[in-house]
Amino acid sequence: SGRLITKADWDSGRFEIRAKVPAGRGTWSAIWMMPGGWTFKDGNWPDVGEIDIMEHVGHDLNVIHASAHSKDYQWQVGTQKTAIITVPEASEKFHNYILEWTPQEMKAFVDDSCYFEYKNEGLGETKWPYNKPFYLILNVAVGGAWGSVKGIDEQAFPQTMEIDYVRIYQKK
């Protein structure tokens, strides 16, 4: 497994990551965000918020997920805000994984297709903890709670998530 974490964090913007995801059963690749400077003193995960721009598990080839997790919207109880899209050849061709995030809403795209929208309901931090800076994480895990659901194909390795570029746009 491997992970890259940015030293900078942002409180909104457009995040565009051009990537090719791994295809091996047992891989779990992700492009995601967590609150800057977060520790358990600030609250438990996922209460503090998590933004998943892209997740892909190798046992479900070409299915891309975007999600937002918070205290009230979390995967453990099936209430997370989430959507999926099928992306042909996700592991063979580069695609743009995009998050557009404002104080009012989040939208996730693959290339030009918007497939996830989550609006701030104005009901407080337990539903929308995204009013603070978040940092970006690029990682590939082997195994884990989701990645190893259908086992790990050890013959499929090595695997990589290739990144062509990361672009972050901010309004002034």
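The values are calculated or read from the model by the stated rules, or taken from the named source; none is laboratory data. All of these numbers come straight from a predicted model, not from anything done at the bench. Positions of Cβ are generated from backbone atoms using ideal geometry, with glycine treated the same way; all protein chains shown enter the neighbour counts. These accessible areas exclude ligands, DNA and RNA; they are computed on the full protein's heavy atoms, side chains included. Shrake-Rupley method; radii C 1.70, N 1.55, O 1.52, S 1.80 Å.
Only one of the numbered conditions (1) open to solvent by 60 Å² or more (accessible area, probe 1.4 Å); (2) within 19 Å of G36 (Cβ to Cβ) is violated by P133, and that is (1). Is it the case that region 74-89 has a residue that's closer than 14 Å to I51 by Cα and in contact (Cβ under 8 Å) with a residue 60 or more places away in the chain? Checking region 74-89: not a single residue is closer than 14 Å to I51 by Cα and in contact (Cβ under 8 Å) with a residue 60 or more places away in the chain. Taking the criterion of being outside any helix (DSSP H, G or I) and at positive phi, the residues of region 130-162 that qualify are G143, G151. Only one entry of W28, W10, W32, W38 meets the criterion of being out of contact with any Asp or Glu (no Cβ under 9 Å at 6 or more places or on another chain) and closer than 22 Å to F109 by Cα, and that entry is W10.
If you filter region 69-118 down to residues that are crowded, with 19+ Cβ neighbours inside 10 Å and of a type in the set (S, T, N, Q), you find that the one that is farthest from the chain's Cα centre (by Cα) is S91.
Among the residues of this structure, P103 counts as one that is more than 30 Å from F157 (Cα to Cα) and out of contact with any His (no Cβ under 7 Å at 6 or more places or on another chain).
Rundown of residues vs (1) within 19 Å of D9 (Cα to Cα); (2) not in a strand (DSSP E or B), yes/no style:
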{"residue": "N96", "(1), (2)": "no, no"}
{"residue": "L99", "(1), (2)": "yes, no"}
{"residue": "K107", "(1), (2)": "yes, no"}
{"residue": "C114", "(1), (2)": "no, no"}
{"residue": "E117", "(1), (2)": "no, no"}
{"residue": "G124", "(1), (2)": "no, yes"}
{"residue": "W128", "(1), (2)": "yes, yes"}
{"residue": "D164", "(1), (2)": "no, no"}
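G58 satisfies every condition listed in (1) open to solvent by 50 Å² or more (accessible area, probe 1.4 Å); (2) touching a strand residue (DSSP E or B) at 6+ places or on another chain (Cβ under 6 Å); (3) among the small types (G, A, S) except (1).
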